[in-house]
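Working notes for the structure below.
The values are calculated or read from the model by the stated rules, or taken from the named source; none is laboratory data. Owing to the predicted nature of the structure, the values given are computational and were not obtained by experimental measurement. Backbone-built Cβ (ideal geometry, glycine too); neighbour counts: all protein chains shown. Side chains are part of the model used for accessible areas, which takes the heavy atoms of the whole protein and leaves out ligands, DNA and RNA. Shrake-Rupley method; radii C 1.70, N 1.55, O 1.52, S 1.80 Å.
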Amino acid sequence: VNACVDVVLSGVKLLQALGLSPGNGKDHSELHSRNDLEEAFVHFMGKGAAAERFFSDKETFHDIAQVASEFPED
C-alpha cells in the first residue's frame, strides 16, 4: 500500500517559518539541506514552474515536514 498525503501551504510562508529568506535560485536534482530547498524554490518559482525533488537528508526532511504540518490553515 502506498499513500501520498500533501500539505498545501504558501511556499514563501514556509520558507519564512524555517528562517530562510529567498536569495539566489539554483536547480538541484536532489535536495540535501534547507538551503537547497530555498535555492530550488527561488529557481523554479522565478520561472513560474513547479518542481518535485527527492530530499536525501531524512532528519532535515522530517523537520521541514513537521513545520509544514503544524502550519495554520488559511
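Go over the candidates VAL12, VAL5 one by one and state the one that is outside any loop (DSSP other than H, G, I, E, B) and modelled with pLDDT under 90. First the steps, then the outcome.
Details: VAL5 fails: outside any loop (DSSP other than H, G, I, E, B).
VAL12 is the lone residue from the list that is outside any loop (DSSP other than H, G, I, E, B) and modelled with pLDDT under 90.
With aromatic (Phe, Trp, Tyr) and at pLDDT below 90 as the only criterion, which of PHE55, PHE71, PHE41 stands out? Can you show your working first?
Details: PHE55 fails: at pLDDT below 90; PHE41 fails: at pLDDT below 90.
Residue meeting the stated conditions: PHE71.
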* Structure fact -> Within segment 26-45, the residues that are more than 17 Å from GLN16 (Cα to Cα) and open to solvent by 40 Å² or more (accessible area, probe 1.4 Å) are LYS26, ASP27, SER29, GLU30, HIS32
* Checking HIS62 against (1) outside any loop (DSSP other than H, G, I, E, B); (2) touching a residue at least 40 places away in the same chain (Cβ under 8 Å); (3) open to solvent by 70 Å² or more (accessible area, probe 1.4 Å), which test does it fail? -> (2)
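Quick check on my filter: what residues within segment 15-50 are aliphatic (A, V, I, L, M) and not in a loop (DSSP other than H, G, I, E, B)?
In the first step, residues of segment 15-50 are kept if they are aliphatic (A, V, I, L, M); the result is 15, 17-18, 20, 31, 37, 40, 42, 45, 49-50.
Across segment 15-50, the qualifying residues are LEU15, ALA17, LEU31, LEU37, ALA40, VAL42, MET45.
With the requirement that a residue be among the hydrophobic types (A, V, I, L, M, F, W, C) and in a loop (DSSP other than H, G, I, E, B), what does segment 65-74 give you? Talk me through it step by step, then tell me what you get.
Applying the first criterion (among the hydrophobic types (A, V, I, L, M, F, W, C)) to segment 65-74 yields 65, 67-68, 71.
Passing the criteria: only PHE71.
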* Structure fact -> The number of residues in segment 46-59 that are open to solvent by 70 Å² or more (accessible area, probe 1.4 Å), closer than 12 Å to HIS32 by Cα and within 12 Å of the chain's Cα centre (by Cα) is 2
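How many residues does segment 1-50 contain that are under 18 Å from GLU70 (Cα atoms), touching a helix residue (DSSP H, G or I) at 6+ places or on another chain (Cβ under 7 Å) and without any contact (Cβ under 8 Å) to a residue 40 or more places away in the chain?
First, the residues of segment 1-50 that are under 18 Å from GLU70 (Cα atoms): 4-20, 34.
Then keep just the ones that are touching a helix residue (DSSP H, G or I) at 6+ places or on another chain (Cβ under 7 Å); that gives 7, 9, 11, 14-15, 17-18, 20, 34.
Within this subset, residues satisfying the condition of being without any contact (Cβ under 8 Å) to a residue 40 or more places away in the chain are 11, 15, 20, 34.
The number of residues fulfilling the criteria is 4.
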